[in-house]
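First up is the structure itself, then whatever we jot down about it.
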Amino acid sequence: MLNLILKDVLIQKKYLLISVLYALFFAFCFQSNASMMFVMIPTMIPYLLILGACGFDDKNKSEIMLNSLPIDRTTLVIAKYLSSLFFIFMGILLTFVFTTLLNFLGFIHMNRLMNLEDILSITVGVLIICCVYFPFYFKFGYQKSRYFLIGMFCLFFSGGIFLANNVIKVPKNLISSLNSQPDWLIATFIAVIVAILFLISLLLSIKFYINKDL
């Protein structure tokens, strides 16, 4: 399992470098709008790495090779989901490190640093995208599903930017209702929903991949 995850990481060293440069570039571009920065960077990095990992598998015909080995298809699916979790973590880590360091050194000037709310929001958002994307990927393959992933991330970008710039337009009764609930209750509810979605997505992907002809 660990070797399969490492495969997804090591085969795309170029994308890892691009991710670092991307984080640096947008840290400078959006230093005056921290909310947008903390949506753009940690979302785009896992997008590049997830798409890159799936693309390299398709280009190198890795599926055919891996399925010729004594590796269960369920293991291959689980490894891909775990890789996506690692890429999400990497995106958040790079964003936090670069923005905090550049702000501390005085290269950029932000009105705030990345906080726990940013981290949780991005984690939940990108996880939901992955949960929707992977069943399509394991059912139809990379070539047909990559456009769907591009569309999902574009929708997430536009939605995140819209919310960041129009928070005041959110219904006041909804804000009041959420503010009246303890943070731990809201966080637990969201975590349970995401966990259920993650499990359903994983089971669907396993079912599609087991029944797939390669």
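The values are calculated or read from the model by the stated rules, or taken from the named source; none is laboratory data. What you see is a predicted model, and the numbers here were worked out from it, not measured in a lab. We place every Cβ from the backbone using ideal geometry, glycine too, and count neighbours over all the protein chains shown. Note: areas computed on protein heavy atoms with side chains; ligands, DNA, RNA excluded. Shrake-Rupley method; radii C 1.70, N 1.55, O 1.52, S 1.80 Å.
Taking the residues in the stretch 31-47 that are assigned to a helix (DSSP H, G or I) and among the polar types (S, T, N, Q) as candidates, determine which candidate is most open to solvent (accessible area, probe 1.4 Å).
Of the residues in the stretch 31-47, the ones assigned to a helix (DSSP H, G or I) are 34-47.
Pick out the ones that are also among the polar types (S, T, N, Q) and you get 35, 43.
Values: Ser35: 47, Thr43: 0 Å².
Result: Ser35.
Of all residues in the stretch 57-78, how many are of a type in the set (Ser, Thr, Tyr) and free of Cβ contacts under 8 Å to residues at least 60 places away in the same chain? Walk me through it before giving the result.
Initial filter on the stretch 57-78 (of a type in the set (Ser, Thr, Tyr)): 62, 68, 74-75.
The next check asks that each one be free of Cβ contacts under 8 Å to residues at least 60 places away in the same chain; those that pass are 62, 68.
Matching residues across the stretch 57-78 total 2.
If Ile71 passes every condition in (1) outside any helix (DSSP H, G or I); (2) within 25 Å of Gly151 (Cα to Cα) but one, which one does it miss?
Just one mismatch for Ile71, condition (2).
Please determine whether any residue of the stretch 84-103 is of a type outside the set (Lys, Arg), exposed (fewer than 14 other Cβ atoms within 10 Å of the Cβ) and either part of a loop (DSSP other than H, G, I, E, B) or in contact with a helix residue (DSSP H, G or I) (Cβ under 6 Å, 6 or more places away or on another chain) (or both).
No, the conditions are met nowhere in the stretch 84-103.
Need pairs with beta-carbon distance below 9 Å; first residue more than 14 Å from Val77 (Cβ to Cβ) and without any contact (Cβ under 8 Å) to a residue 12 or more places away in the chain and within the stretch 123-151, second open to solvent by 40 Å² or more (accessible area, probe 1.4 Å) and assigned to a helix (DSSP H, G or I); sequence gap 6+ or separate chains.
Hits for this filter: Phe140/Phe148; Phe140/Phe208; Lys144/Phe136.
Here's a check for you: in the stretch 104-124, which residue that is in a loop (DSSP other than H, G, I, E, B) and of a type in the set (A, V, I, L, M) is nearest to Tyr209 (Cα to Cα)?
Going residue by residue through the stretch 104-124, those that are in a loop (DSSP other than H, G, I, E, B) are 106-115.
Keeping just the survivors that are of a type in the set (A, V, I, L, M) gives 108, 110, 113-114.
Numbers: Ile108: 46, Met110: 45, Leu113: 42, Met114: 38 Å.
The extreme case among them is Met114.
In this structure, does Ile50 turn out to be touching a Cys at 6+ places or on another chain (Cβ under 9 Å), surrounded by 19 or more Cβ atoms within 10 Å (Cβ to Cβ) and at pLDDT 85 or above? Walk me through it before giving the result.
Numbers: touching a Cys at 6+ places or on another chain (Cβ under 9 Å): yes; surrounded by 19 or more Cβ atoms within 10 Å (Cβ to Cβ): yes; at pLDDT 85 or above: yes.
For Ile50, the condition - touching a Cys at 6+ places or on another chain (Cβ under 9 Å), surrounded by 19 or more Cβ atoms within 10 Å (Cβ to Cβ) and at pLDDT 85 or above - is met.
Out of the residues in the stretch 132-145 that are over 11 Å from Lys80 (Cα atoms) and buried (at least 16 other Cβ atoms within 10 Å of the Cβ), state the one that is modelled with the highest pLDDT. Reasoning before the result, please.
Quick first cut of the stretch 132-145, residues over 11 Å from Lys80 (Cα atoms) only: 132-133, 135-136, 139-145.
With buried (at least 16 other Cβ atoms within 10 Å of the Cβ) added as a condition, the list becomes 133, 135-136, 139, 141-142, 145.
Values: Tyr133: 91, Pro135: 94, Phe136: 91, Lys139: 91, Gly141: 88, Tyr142: 88, Ser145: 86.
Here the residue is Pro135.
Considering only residues of the stretch 104-119 that are within 23 Å of the chain's Cα centre (by Cα) and aliphatic (A, V, I, L, M), which is surrounded by the fewest Cβ atoms within 10 Å (Cβ to Cβ)?
Leu116
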